[in-house]
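Trainee: Following this message is one structure expressed as structure tokens.
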Amino acid sequence: MNRFWGCSSLLFLLCIGGSTLLPPAITRAAESSPQRVIIGTIYDSQGNPIEGVSVIAHASQASNTLAEAETQSNGIFSLELPEELPPNLSLTIERAHFKSEEVPIQTSDLSTLKNGGIIALPEIILDRHIGIAFWVATVIFIIMLVLIASEKFHNTLAALLGVTLVFVVSYLGRSVSESLYIYDFKRALTYVDWNVIFLILGMMIYIAMVEKTGIFQWTALWAYRISRGRLWLLMPVLMLFTGIASAFLDNVTTMLLMTPITVQISLAMGINPMSLLIPEVMASNVIGISTLIGTPTNILIGSYAHISFSDFLKNLTPGVLLAFLGLIIYSEFTYRRELKKSSNISTTLLEKLTEHGRITEPQHLKKAGWVGLGMIILFVLGEKIHLVPAVTALLGATTLLVWIKPDLEEMIAAVDWTTLVFFLALFMVVGAIQEVGLVSIIAGLIRKLIGENKILAMFVVIWASASLSIVIANIPFTAAMLPVIGYLTKTIPSVHTKVLFYCLSVGSAFGGNGSLIGASANMVTAGIADRAGYPVTYMYFLKKGLPALIITVALANIWLLLHFF
């Protein structure tokens, strides 16, 4: 039945002459007579259209090519045939990393073609081919993850090494054996999510201008004054501010700014900075997922699954608040001895904090506030006018640059190009394992495990994501899991179209609290604390973070179940 409707749809589109809906070859064929065109759609075994499949027409049992075409991103191909056709016609369907198929053209269809007609073939399914390239790409991906997890290499260097190895194998290895080919550079670029790249770029430029106003230092001092030196109150106030800032900036940038301030406050009050830093970074990872731009993982998920800024707010914020409340109670209990210490602060130290806690550029801050408000409005309402988040971020950053007129070179230099290169290389490495079929195999195995149980699917996604984010940095893990979740969403009956992506968001972000390498914000915080003389070991963070992971994920899981079912 599906094949019948597939053929009928293609023929209907051709008949109505929809030049905007059909490939150019079909449109041209429809405008001239006779046509002699074969059209069809090619899918993989999971029902995804395959791009770049070669469709070659030739006489049966012969190697001479009569015509050739390639499928588009929607899997559709159109093959224009010459006037002279052989008595027996076949199509060879082939693409790297798939098994080739021979499709004979039926006698009745051949007669239609000879008379200048058009035929639509039933949908064609190609099975994956597991060859040497599959294992090479898989090993390279694992090596990249190990290098990131072990901190032997910087994240960006590990990703660059991974994508370089993929290209070396594809280009140099191909000259030795065709089976070593993974993909070419042009194909690799198709796996880069440019919406993510430009969204991060725009937000980095905006944040660089906001940072220079002194707002973060002023807010930290305000938090101290609100708590009046009471440590049990100072902790949740700092956690709340850090979390809110993370939701509207991003958690890595927030911790870059908050960590040195928090260390200063802790030393001035005579307590171990870890008692404030660890709860802060965990709050950053938890509250950050309330918005599209709060965490790198949300940016990836939102772009892939077309989840808007307002969708994240509406569907995750109540669960995030519940998890945050649990995190506060846990943090107060964990650091109760440190929080009971005397918090007397000398007048000299207070004056020093006050001096650092000034708004240095109030007019610039006011302008940044108005632009930021406009960006949030566009983030929320932009989907109604098909305005992608990347454009909003670039619009806001450019507007503020024009309005404030800062040193442009200084602002461009403030962009974390290392992170952008990391994302570019990461997208390509993850694209390599998608190209060879590893992601499809993982998706199929999870699908068999889950069956058609949507609640089990939620549990598996959220807890597996949280558990694996302990040993795998959550950004590359999330990037690799997106196509898997996309497949599960399409194949599990009655599941809400976005719920599994929300589960991935919660699991990967909250799971980042489970270990030092789980989230980029953790490593940033640890690096600054170490330079201040307070190193954060892997085991220390694991001891404090693992219980927090269990508590927050469990509470968020309860909310998702109540909300969606």
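Trainee: Which of rounded, prolate or oblate describes the range 430-565 when judged by the alpha-carbon gyration tensor and an a/c cut-off of 1.5?
Mentor: Details: a/c = 2.91, a/b = 1.64, b/c = 1.78.
Oblate shape, in that a/c is at least 1.5 and b/c is the bigger or equal ratio.
Trainee: Using a 1.4 Å probe over the heavy atoms of the protein chains, calculate the carbon and sulfur portion of the accessible area of the range 246-286 as a whole percent. Numbers along the way, then the final one.
Mentor: On the way: 490 of 730 Å².
Using a 1.4 Å probe with all protein chains present, the range 246-286 comes out at 68 percent carbon and sulfur.
Trainee: Of Lys384/Lys498; Lys341/Lys544; Lys448/Lys498; Lys186/Lys314; Lys99/Lys186, which ones are farther than 28 Å apart at the Cα?
Mentor: Details: Lys384/Lys498 18 Å; Lys341/Lys544 20 Å; Lys448/Lys498 20 Å; Lys186/Lys314 38 Å; Lys99/Lys186 22 Å.
Over 28 Å Cα-Cα: Lys186/Lys314.
Trainee: Which of the peptides 35-43, 439-447 is most tightly packed, and how do the rest follow, judged by the mean count of other Cβ atoms within 10 Å per residue?
Mentor: Numbers: 35-43: 21.8, 439-447: 17.4.
Packing proxy ranking, top to bottom: 35-43, 439-447.
Trainee: Calculated from DSSP H runs of 4 or more alone, at -39500 (n - 2.57) each and per residue, what is the 222 nm mean residue ellipticity of the chain, nearest 500? Walk me through the numbers before you get to the answer.
Mentor: Values: 25 runs with 367 residues, N = 565.
Calculated mean residue ellipticity at 222 nm is -21000 deg cm²/dmol.
Trainee: Would you please classify the overall shape of the range 466-531 from the alpha carbon gyration tensor, given that a ≥ b ≥ c denote the square roots of the eigenvalues, rounded means a/c under 1.5, and beyond that prolate means a/b larger than b/c while oblate covers the rest?
Mentor: Because a/c hits 1.5 or more and a/b exceeds b/c, the range 466-531 counts as prolate.
Trainee: Ignoring ligands, DNA and RNA, please state the percent of accessible area on the range 486-565 from carbon and sulfur, probe 1.4 Å. Provide the component values of the computation, followed by the final result.
Mentor: On the way: 1940 of 2850 Å².
Carbon plus sulfur share of accessible area: 68 percent.
Trainee: If one computes the Cα centroid of the range 169-229 and of the range 489-533, what distance in Å separates the two points?
Mentor: 15
Trainee: Can you classify the range 30-97 as rounded, prolate or oblate using the Cα gyration tensor, where a ≥ b ≥ c are the square roots of its eigenvalues, rounded means a/c under 1.5, and otherwise it's prolate if a/b beats b/c and oblate if not? Could the numbers behind the result be given before it?
Mentor: Numbers: a/c = 2.65, a/b = 1.41, b/c = 1.88.
Judged from the Cα gyration tensor, the range 30-97 comes out oblate (a/c at least 1.5, b/c at or above a/b).
Trainee: Read through the labelled values (1) 29.1; (2) 25.4; (3) 36.3 and report the label of the one computed as mean projected area of the Cα convex hull in nm² from the structure.
Mentor: (1)
Trainee: At a 1.4 Å probe, what is the % contribution of carbon and sulfur to the accessible area of the range 349-467? Show your work: numbers first, answer last.
Mentor: Numbers: 4270 of 6220 Å².
Answer for the range 349-467: carbon and sulfur cover 69 percent of the accessible area.
Trainee: Still on this structure, please answer the following. Under the Karplus relation 6.51 cos²θ - 1.76 cosθ + 1.60, θ = phi - 60°, what is the ordered set of whole-Hz ³J(HN,Hα) values for the range 311-318, x standing for Gly and Pro?
Mentor: Rounded to whole hertz, the list is 4, 4, 4, 5, 8, 10, 4, x.
Trainee: Now a separate question. Listed highest first by mean packing, meaning other Cβ atoms within 10 Å per residue, what order do 137-143, 300-306 come in?
Mentor: Details: 137-143: 17.9, 300-306: 21.6.
Descending packing order for the listed peptides: 300-306, 137-143.
Trainee: Still on this structure, I have one more. Rolling a 1.4 Å sphere over the protein heavy atoms, what is the accessible area per residue of the chain, to the nearest Å²? Don't jump to the answer; show the numbers that get you there.
Mentor: Details: 24800 Å² over 565 residues.
Value returned for the chain: 44 Å² of accessible area per residue.
Trainee: Let me have the relative contact order for the range 214-345, percent, based on Cα pairs under 8 Å that are six or more residues apart. List each step's numbers first, then the result.
Mentor: Numbers: 166 pairs, mean separation 38.7, N = 132.
Normalised by residue count, the contact order of the range 214-345 is 29 percent.
The values are calculated or read from the model by the stated rules, or taken from the named source; none is laboratory data. It should be emphasised that the depicted structure is a prediction, and the values quoted were computed from it without experimental measurement. Don't worry about glycine lacking a Cβ; one is built from the backbone with ideal geometry, like all the others, and counts go over all protein chains shown. For accessibility, only protein heavy atoms count, side chains too; no ligands or nucleic acids. Shrake-Rupley method; radii C 1.70, N 1.55, O 1.52, S 1.80 Å.
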